[in-house]
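Novice: So that we are looking at the same thing, I have put the structure below in structure tokens.
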Amino acid sequence: MDGYVNKKDVFNEIVDSYHIRTDIQFKALREALNKVPIADVVPVQHAHWIEKKHPQYPDICHNKYFCSHCNKTAPTYYLDYSHEIISEKWDYCPNCWAIMDEEVNE
Ligand SMILES: [Zn+2]
């Protein structure tokens, strides 16, 4: 899997680490970075599910799970073919697309 970096961060790191100070050095560095292909990437949002009781019927309704990033919920309960209640939490939030792999110490 490829990793992605911010060209500005690479530029600043090289300037600091290799003491780039002259116009010729800056020009050479800019030209080298301009040769590196650009990829369109989207930052990945990490989040976790927060379990909350139903506000009106906490004793008879199943708890709902809310996304820690957008605070919206996703359906987590359904009936299978034998009408058993199945609970499954999504691996991602269907509202904001956050990946639900955030570690939480509770
Ligand atoms: Zn979300």
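Novice: Would you mind telling me which numbered condition in (1) more than 16 Å from the ligand (Cβ to nearest atom); (2) at pLDDT 95 or above L33 fails?
Specialist: (2)
Novice: Any idea which residue in the range 47-75 is farthest from the ligand (Cβ to nearest atom), counting only those that are among the hydroxyl-bearing types (S, T, Y) and in contact (Cβ under 8 Å) with a residue 24 or more places away in the chain?
Specialist: Here the residue is Y65.
Novice: Taking the options E51, E13, name whichever one is modelled with pLDDT of 95 or more and either surrounded by 10 or more Cβ atoms within 10 Å (Cβ to Cβ) or under 27 Å from C67 (Cα atoms) (or both).
Specialist: E13
Novice: Out of Q56, Q45, which single residue is touching a His at 6+ places or on another chain (Cβ under 6 Å) and either surrounded by 10 or more Cβ atoms within 10 Å (Cβ to Cβ) or not basic (K, R) (or both)?
Specialist: Being touching a His at 6+ places or on another chain (Cβ under 6 Å) and either surrounded by 10 or more Cβ atoms within 10 Å (Cβ to Cβ) or not basic (K, R) (or both) holds for just one of Q56, Q45, which is Q45.
Novice: Look through the range 67-106, keep the residues that are at pLDDT below 90 and part of a strand (DSSP E or B), and return whichever of them is nearest to H46 (Cα to Cα).
Specialist: Out of the qualifying residues, it is T73.
Novice: Okay, next question. Identify all residues within the range 89-99 that are more than 9 Å from the ligand (Cβ to nearest atom) and aliphatic (A, V, I, L, M); write none if there are none.
Specialist: Passing the criteria: only I99.
Novice: In the set V104, V44, V5, which member is away from the ligand (no atom under 13 Å from the Cβ) and touching a residue at least 12 places away in the same chain (Cβ under 8 Å)?
Specialist: V104
Novice: Among the residues of the range 1-54, what is the count of those that are in a loop (DSSP other than H, G, I, E, B), farther than 30 Å from P94 by Cα and aliphatic (A, V, I, L, M)?
Specialist: 2
Novice: Among the residues of the range 23-57, which ones are outside the structural domain of F11 (by TED's automatic domain parsing), more than 31 Å from the chain's Cα centre (by Cα) and not aromatic (F, W, Y)?
Specialist: Result: Q56, single match.
Novice: Ok, one more. What is the one condition in (1) over 30 Å from V104 (Cβ atoms); (2) in the same structural domain as K72 (by TED's automatic domain parsing) that F11 does not satisfy?
Specialist: (2)
Novice: Confirm whether I60 is under 17 Å from A98 (Cβ atoms) and assigned by TED's automatic domain parsing to the domain that holds A98.
Specialist: It is false that I60 is under 17 Å from A98 (Cβ atoms) and assigned by TED's automatic domain parsing to the domain that holds A98.
The values are calculated or read from the model by the stated rules, or taken from the named source; none is laboratory data. Bear in mind the structure is a predicted one, so any value in this text is a computation, not a measurement. Cβ atoms come from the backbone with ideal geometry, glycine included; neighbour counts cover every protein chain shown.
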